[in-house]
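Following: one structure in structure tokens, then a few remarks.
Any read-out appearing in this document is the output of simple, stated calculations on the displayed coordinates, not a laboratory observation. Since the structure is predicted, the reported quantities are computational estimates derived from the model, not experimental observations. All Cβ positions, even for glycine, are placed from backbone atoms using ideal geometry, and neighbour counts span all protein chains on display.
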2 protein chains.
Amino acid sequence: MRYYQAPTKQFEQILSTLDYKNDVYDQDTVRSLLETAGGWVEKNLFPTNQIGDEVGLQYKNQQVNLPNEFKSLYSQMIDNGTYSIGMPAQWGGLDAPPILVNMMMEMLSSGNLSLSTCSLLTSGAVSTIQAFGDDYLKATYLPKMVSGKYSGTMCLTESQCGTDLGMIRTKAYKKDDKYIVTGDKIWISFGEHNLTENIIHLVLARLPDAPEGVKGISLFLVPKFLEDGKENKVTCQGLEHKMGSHASPTCFMNYDNSIGYLIGEPHQGLKLMFHMMNAARLAVGVQGIGVAEIAFQTAKQFANDRRQSRAINPNRREMDFPADRIIVHPDVRRMLMTVECQIIAMRALVAYVGIVQEKGDEHLLGHLTPIIKSFCTERSTELVSESLQVLGGIGYTKDGAIEQYLRDVRITMIYEGTNGIQALDLVGRKMMKDAGATIRRIITMLREFPSDDEQTKLVLDTHAEQIEAALTWLAKNGLSDPELAAASSSDFLRLMATALMSYMWAHLIKEKDLEKLARFHQTMIAPEAILYLSRVKAGHWVT
Amino acid sequence: MRYYQAPTKQFEQILSTLDYKNDVYDQDTVRSLLETAGGWVEKNLFPTNQIGDEVGLQYKNQQVNLPNEFKSLYSQMIDNGTYSIGMPAQWGGLDAPPILVNMMMEMLSSGNLSLSTCSLLTSGAVSTIQAFGDDYLKATYLPKMVSGKYSGTMCLTESQCGTDLGMIRTKAYKKDDKYIVTGDKIWISFGEHNLTENIIHLVLARLPDAPEGVKGISLFLVPKFLEDGKENKVTCQGLEHKMGSHASPTCFMNYDNSIGYLIGEPHQGLKLMFHMMNAARLAVGVQGIGVAEIAFQTAKQFANDRRQSRAINPNRREMDFPADRIIVHPDVRRMLMTVECQIIAMRALVAYVGIVQEKGDEHLLGHLTPIIKSFCTERSTELVSESLQVLGGIGYTKDGAIEQYLRDVRITMIYEGTNGIQALDLVGRKMMKDAGATIRRIITMLREFPSDDEQTKLVLDTHAEQIEAALTWLAKNGLSDPELAAASSSDFLRLMATALMSYMWAHLIKEKDLEKLARFHQTMIAPEAILYLSRVKAGHWVT
């Protein structure tokens, strides 16, 4: 049952369809990187996925041990470059373009969602220290984090505040040139583990003179061990018992007069955390796609192997066997195509975002980030469930593997900000910031996409009209009554996402081998936008 | 976190809205039955739900032990009548009308999905023996099954055949006035357990002279112990390791020259099994709703307790607290209303079906059964996931309880025939049998529903048109190319289900306290039908 083939060929197809070019990372370098990493995920990382789920974590005396196999895997990740692929070259990273980093993250997530989270968090911490840390912090911590000797975390949540960071109670005060940090944090992924020598926590806390609410939080770097080797009173007090993602420790952390270093300016912690979180949010969207992909591959393989009943179509019958492969049955094909056409569109959208990241198009990136985090994780969870359905009863057992993927993927809709929060970020923050200008840019992109294909033009034009109608409704109702805008935000995000998926298919439909899936998407999935538009307009029943 | 309140008040509201009357079970009897059962589920059954999940089953020497608490619960179910409520009075059952039996099943499933399956299967076996067994079998087994001394199973699946029962290999031959049955069966729920003295297996097997395929299977009653107390070589060889429903044993059974009794005529097994399965399919749809209800209650309670951020609407702010209850946030309200309005509609639809069962309206029942099995389990699974989302991170942990409900409920989309099979049953069998007459009856029901409410009329008329369009498409395309009909079947079923949910809301909208949820359903959920219709028409991309 368990099997994974890295989608390297499709990555290359997408890169070529999007006409992606990079002087340093030319076509050969890209192919070679993807193939090496893909092969390693197939042969080494993926086989640990089940072990992580079944063996899980050991917690004892404030120590967290991962399954034995994970230590060597972690070293392999470092050695083969999949760990530091997106990290700055200045400190030893590969500094690869985001489009490649995202593809790597998809494969890591297919191979082992839990372990991919460790690399995701360290990357985010590295990027934040690089952008906002002083020279001492950079020189001291970045080489060791990039080389994988140290890992990183992000410590936001406390028991009384998850979404509402204004209520943070963790405190810090200045002492000489350092800070003393005290407080409890929950939900800290990889807050404690035995893969690295040291763990570098980026912790949100309040200074004594801090203004109330989110304007009064500052960001501190708090290492588990100080550079002189001393313990810094950073301890893991327990682990959460979760539905899935069993090899990713979710820690209850305590900081007891621990020494910390301020990153950036006082009271600017939220801005810095958003820097880190935005990268993490994109990566979580990609994690969803990675798990959907492995579930899809499992379902497709099953549908090719399992024989039940005769094909309706006599040309599809194999009369030498007592029954036909279930992939010949239209309802099974429908399920598999539903899954595949959406994974491909999401994968292409993530590649497209990689190009947006590389161009530094901040407004567009700001809009696409919550869309990808929310839609790709929600949709991927649904697609994993659909893939499970293809296996019937076997899908519900440990033997079918997909039940693990469904338990694992469900967290992606929650962490790094629940999907509802993403929608509020899109409608209440990103769109307000530029008064809808980026949304109108997207409408124009849809309208002006060059295509000779009439159905493609029709689908994109329809989406453009739908978004325009939603935008008009929001301008008319949401500005005067922000509750209405909030009530409609999740469905507005889904509308945008559906249009963007069609936009990606407009590119990919030119590939002969994908045309059928493109048509399937145009007729079976794209019409969802009608529903989302009518829901946007019905927000008044919520308030 | 863990809490359940039986929806007895809403059951009564639905009974009165549907103007349900029964001479024997008058209003007072019904209220008293529901309240007694509801109270018992709240206080006794529900508290075992987590135990079942965490303790699970013990398998040793072919014996299966349920958690200790389950033995006394099982006796309580017998004593308070929830077990035998739908069973024939002739053998000691309560013979209650189906509408009440369905309500009881919903509460049992909220309280403990695993244990509800035991009662579901025994009821089905009793009904099959009662309808098709000879006098000896009835007199010998029914009193003990109805009194709960014996339980029942249905044994269809073998490793090479789940959906495709034509490939069954289990064999039987006649010896004197009995039969000798030999073979292996998989996925047998409650095939072995320690709750009852004896277990009565209804087993599909082939006689020596049987025609090939499904026309050659016969149904046998094979007890674990013979009436003289001797073992009958019926053994459990192992258990499946499942995602959820951990206290419901899913057994690998072996029959080794076991003595069996033919039920009904030779080679008529499939017809008999369908009798049993149809009742079970309805009940599984109800199981889904039961789990959705307990997840919803958990989410609603959490949203009332948890405080994060300030309400957008100043009138909803409680300034004595550092933050407001999250139930004031529009996106949280949207999630809760999405869940609640659909649970109510499904619950009402199940009550409606209860009346159809009581009237013996076989065609309508035949159509509604696959719709309820498929749609209510699929939708309930989605609603459990939406409820989990309300809890954020806590929802993903054992503390939040809903992660168990999500793991549990996922099986309902699979067992008693996967949801895809239900759709094929509707489109390929039930609709073909009466050439669409029942579907046209439903169209008329929608059109002629008496209502003074314009929006209600509009919603129902729109659904009538949508179904008509789908029916026309199926007649034009599906008859000439059955692959197209099969490709469209799942979305046709969803279209029918959505229309029926609106139909139930057309009844319930008259209740003042439900009007807002009714409007929410009309504007947020009913438009899904547009999507399903366009998918029905797009079936050609699948084939």
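Just the number, please: percent antiparallel of the DSSP beta bridges in the protein assembly as shown, rounded to the nearest 5.
Details: 70 of 84 bridges.
Looking only at bridges with both residues in the protein assembly as shown, the antiparallel portion is about 85 percent.
So what is the relative contact order for region A:137-200, in percent, with contacts set as C-alpha pairs under 8 Å and at least six apart? Don't skip to the end; give the middle numbers.
Details: 72 pairs, mean separation 24.6, N = 64.
Answer for region A:137-200 is 38 percent.
Enumerate by residue number the GluC sites (Glu not before Pro) in region B:189-278 meeting two conditions: DSSP loop (anything except H, G, I, E, B), and at most 13 other Cβ atoms within 10 Å of the site's Cβ. Mind dumping the intermediate values first?
Numbers: sites: B:E192, B:E197, B:E212, B:E227, B:E231, B:E240; in loops: B:E192, B:E197, B:E212, B:E227, B:E240.
Qualifying residues, ordered by number: B:E197, B:E212, B:E227.
Set Lys and Arg Cβ to +1 and Asp and Glu Cβ to -1, take the dipole of the protein assembly as shown about its Cα centre, and tell me which of A:G288, A:L204, B:Q268 lies farthest positive.
A:L204
For a footprinting-style exposure proxy, rank B:V24, B:V181, B:V353 by other Cβ within 10 Å, fewest first. Mind dumping the intermediate values first?
On the way: B:V24 9, B:V181 28, B:V353 24.
The fewest-first ordering by Cβ neighbours comes to B:V24, B:V353, B:V181.
Explain nothing, just the number: dipole magnitude of region B:407-458 about its Cα centre with +1 on each Lys and Arg Cβ and -1 on each Asp and Glu Cβ, in debye rounded to the nearest 20. Before the final figure, lay out the partial values.
Values: 9 positive and 8 negative charges, 63 e Å.
In debye, rounded to 20, region B:407-458 gives about 300.
Distance in nm between label sites at A:E358 and A:Q90, each 7 Å beyond Cα in the beta-carbon direction?
2.2 nm
In terms of the Cα gyration tensor, with a ≥ b ≥ c the square roots of its eigenvalues, is region B:149-268 rounded because a/c is under 1.5, prolate because a/b exceeds b/c, or oblate?
On the way: a/c = 2.17, a/b = 1.21, b/c = 1.79.
Note, shape of region B:149-268 comes out oblate.
Going 7 Å from the Cα of A:Q63 along its beta-carbon direction, which residues of region A:238-279 have the amide nitrogen within less than 16 Å of the resulting point?
A:238
Put a label point 7 Å from Cα along the Cβ direction on B:T444, then list its distances to the equivalent points in the other copies in nm, shortest first.
Ordered by distance, the counterparts are at 5.8 nm.
Kindly provide the helix-only [θ] at 222 nm of chain B, computed as the sum of -39,500 (n - 2.57) over DSSP H runs of four or more divided by all residues, to the nearest 500 deg cm²/dmol?
Working: 18 runs with 266 residues, N = 543.
Dividing the helical sum by the residues of chain B leaves -16000 deg cm²/dmol.
Please give the charge dipole size of the protein assembly as shown, origin at the Cα centre, charges +1 on K and R Cβ atoms and -1 on D and E Cβ atoms. Round to the nearest 20 debye.
On the way: 110 positive and 126 negative charges, 34 e Å.
Using only the charged Cβ atoms, the result is roughly 160 debye.
With the cut-off at 1.5 for a/c, could you classify the protein assembly as shown from its C-alpha gyration tensor as rounded, prolate or oblate? Don't jump to the answer; show the numbers that get you there.
Values: a/c = 1.61, a/b = 1.52, b/c = 1.06.
Prolate shape, in that a/c is at least 1.5 and a/b is the bigger ratio.
Give the calculated FRET efficiency between B:R169 and A:D209 to the nearest 0.05, with a Förster radius of 56 Å applied to their Cβ-Cβ distance.
Working: r = 79 Å, r/R0 = 1.41.
Approximately 0.10, to the nearest 0.05.
For labels at B:A139 and A:D135 in the simple 7 Å Cα→Cβ model, what's the distance in nm?
Placing both labels 7 Å beyond Cα along the Cβ direction yields 10.2 nm.
May I ask you to evaluate 6.51 cos²θ - 1.76 cosθ + 1.60, the Karplus curve with θ = phi - 60°, for each residue of region B:127-134 and list the ³J(HN,Hα) values in order in whole Hz, giving x for glycine and proline?
Coupling constants for region B:127-134: 4, 5, 5, 4, 7, 10, x, 7 Hz.
Any idea which of A:T462, B:S248, A:L493 is furthest toward the positive side of the dipole for the protein assembly as shown, if Lys and Arg beta-carbons carry +1 and Asp and Glu beta-carbons -1?
Towards the positive end, the residue furthest out is B:S248.
Can you put B:W91, A:W187 in order, fewest other beta carbons within 10 Å first? List each step's numbers first, then the result.
Values: B:W91 20, A:W187 24.
Ranked by crowding around the Cβ, least crowded first: B:W91, A:W187.
Can you give the relative contact order of region A:8-144 as a percent, counting alpha carbon pairs under 8 Å and 6+ residues apart? It would help to have the intermediate numbers written out before the result.
Working: 98 pairs, mean separation 29.2, N = 137.
Computed value for region A:8-144: 21 percent relative contact order.
Among B:G52, B:T8, B:M77, which residue has its Cα positioned farthest towards the positive end of the charge dipole of region B:1-97, with +1 placed on the Cβ of Lys and Arg, -1 on the Cβ of Asp and Glu, and the dipole taken about the Cα centre?
Sorting the options by dipole projection puts first B:G52.
Quick check: pseudo-label points 7 Å beyond the Cα along Cα→Cβ at B:R317 and B:K433, how many nm apart are they?
My value for the distance between the label points is 6.2 nm.
Peptide A:326-337: average number of partner chain Cβ atoms within 10 Å per residue? Provide the component values of the computation, followed by the final result.
Values: counts 4, 0, 2, 7, 14, 13, 4, 6, 14, 3, 1, 3.
If you average over the peptide's residues, the count of other-chain Cβ atoms is 6.
Around B:R334, with a cut-off of 10 angstrom between Cβ atoms, what is the net charge of the other residues, counting Lys and Arg +1 and Asp and Glu -1?
Working: positive: A:R535, B:R333; negative: A:D491, B:D331, B:E386.
Its environment carries a net charge of -1.
Percent relative contact order of region A:418-543, based on C-alpha pairs within less than 8 angstrom and at least six residues apart?
Working: 114 pairs, mean separation 39.0, N = 126.
About 31 percent, as a whole number.
Hey, for B:G92 with labels 7 Å out along Cα-Cβ, what do the inter-copy distances come to in nm, ordered shortest first?
Ordered by distance, the counterparts are at 7.5 nm.
In what order do A:L108, A:L364, B:L115 fall by count of nearby beta-carbon atoms within 10 Å, going from fewest to most? Walk me through the numbers on the way to the answer.
Numbers: A:L108 28, A:L364 19, B:L115 25.
Starting with the residue having the fewest Cβ neighbours, the order is A:L364, B:L115, A:L108.
Counting Lys and Arg as +1 and Asp and Glu as -1, each charge on the Cβ, what is the dipole of region A:418-543 about the Cα centre in debye, to the nearest 20? Please report the intermediate quantities before stating the final value.
Values: 15 positive and 16 negative charges, 49 e Å.
Roughly 240 debye for region A:418-543.
Between A:T444 and B:E465, how high is the FRET efficiency from 1/(1 + (r/R0)^6) when r is the Cβ-Cβ distance and R₀ = 35 Å? Nearest 0.05.
0.50
Along Cα-to-Cβ, 7 Å out, sits the label point; list in nm, shortest first, how far the one on B:E54 is from those in the other copies.
Its label point is 2.4 nm from the equivalent points in the other copies.
Starting from the Cα gyration tensor of region B:407-515, take the square roots of the eigenvalues, sort them a ≥ b ≥ c, and report rounded, prolate or oblate (rounded when a/c is under 1.5, otherwise prolate if a/b is larger than b/c, else oblate). It would help to have the intermediate numbers written out before the result.
On the way: a/c = 2.70, a/b = 1.34, b/c = 2.02.
It is oblate, given that a/c is not under 1.5 and a/b is not larger than b/c.
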